[in-house]
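One structure is given below, encoded as structure tokens.
The values are calculated or read from the model by the stated rules, or taken from the named source; none is laboratory data. Note that the coordinates shown come from a computational prediction; the quantities given were computed from them, not determined experimentally. Glycine also receives a Cβ, built like all others from the backbone with ideal geometry; neighbour counts cover every protein chain displayed. Side chains are part of the model used for accessible areas, which takes the heavy atoms of the whole protein and leaves out ligands, DNA and RNA. Shrake-Rupley method; radii C 1.70, N 1.55, O 1.52, S 1.80 Å.
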Amino acid sequence: MLKPAVVARKLHKWLGLFVGIQVLIWLATGLYMVVVDIDFIHGDPLVRNMQDTVVIPDSPKINFADLRTQYPDAIRIGLTPVMGKTLYTVMTTEKRYLLDPQTGLIHSPLDEQSAREIARYHFAGEAQITNVMLITSNPPMEIKTRRLPLWRVDFDDRFATSFYIDPFSGSLATRRHQYWRIFDFLWMLHIMDYEDRSDAHNRLLIAAQFTGLTFAISGLWLLFYSFSGRRKKLRLGTN
């Protein structure tokens, strides 16, 4: 029968192998997260004109009452700024519309040229646009939780920046760049959610935490036997 001290030593050794690797990952990923400025990760320095003011149009040709009549199933009607111009947004249970208050013209869904212009309007850099693509399905991981469709506009800057434009609201839905993508990958490793990269309460992470706790307890167990052994040696030495 194995002695308790032997059991504690073996348990501590094998738990240490697993926990040690994961702790190293936690430290390395955590270091990136605290060293790199979070506002930069969010892409704030890459964006301009994000605080455009909504201006209520003077004597619009189309008013809210007209929109209520035209879209009786609307669940939300509002105003939104698009490149400095205020437009109506109408949302029904199935569709979304972007309308000009002065002409009643429906602008949505926005075409590629409009997506280019909006992306350029919001981009704070001087880099050229290299690619524009309408994503309607199978989105990349970086916008997996976002509502589709979205226009993706890529810039030829040193950050590999991508702007995502909502074709039904004209808004900059989100922005991504290389350092954000690195952060997202490290966040996946940090929280051990290798599928959605968003669940910080997943079973694997909880199991790792319990394993780490067991590792610490087994270490205290070994420490107890270590001190017990020293006391026995001291007593034998004094006899």
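Computed over region 120-180, the Cα gyration tensor eigenvalues convert (square root of 5λ each) into semi-axes of 18, 13, 10 Å, ordered from largest to smallest. Contact order for region 145-220, expressed relative to its length and based on alpha carbon pairs under 8 Å spaced 6+ residues apart, stands at 15 percent.
Rolling a 1.4 angstrom probe over the chain with all protein chains present gives an accessible area of which 60% lies on carbon and sulfur atoms. Taking a virtual spin label 7 Å from the Cα of F210 along the C-beta vector, which residues in region 171-198 bring their backbone nitrogen under 19 Å of it? Inside the label zone: 191-194. Within straight-line reach of K61, meaning a Cα separation under 16 Å, sit the following aspartates and glutamates at least 8 residues removed in sequence or on another chain: D100. Each helix, a run of at least 4 DSSP H residues, gives -39500 (n - 2.57); summed and divided by the residues of the chain, these come to -14500 deg cm²/dmol at 222 nm. A Förster radius of 45 Å combined with the Cβ-Cβ distance from D156 to L222 puts the calculated FRET efficiency at roughly 0.20. Based on the Cβ-Cβ distance of F64 and V132, what FRET efficiency does E = 1/(1 + (r/R0)^6) give at R0 = 25 Å, to the nearest 0.05? The formula returns an efficiency of 0.15 here. Result for the chain in a Gaussian network model with C-alpha springs under 10 Å: among Q70, Q113, Q209, the largest mean-square fluctuation is at Q70.
Using R0 = 30 Å, the C-beta based FRET efficiency linking L27 and R203 works out to 0.85. Note on region 11-158: Kirkwood radius taken over Cα pairs, Stokes-Einstein applied at 10 °C and 1.306 mPa s, translational D equal to 82 µm² s⁻¹.
Between L79 and T89, the built amide H atoms are under 5 Å apart, and every one of these is 5 or more places off in sequence or on another chain. Contact order for the chain, expressed relative to its length and based on alpha carbon pairs under 8 Å spaced 6+ residues apart, stands at 20 percent. Once you place label points 7 Å from the Cα toward the Cβ at E195 and F40, how far apart are they in nm? For E195 paired with F40, the spin-label model returns 3.5 nm.
The convex hull around the C-alpha trace of region 24-77, projected and averaged over every direction, spans 7.5 square nanometres. Summed over the residues of the chain and divided among them, the accessible surface reaches 62 Å² per residue at a probe radius of 1.4 Å. Loop-located GluC sites (Glu not before Pro) across region 86-148 with a Cβ neighbour count of 13 or fewer within 10 Å are E94, E126, with loop assigned by DSSP.
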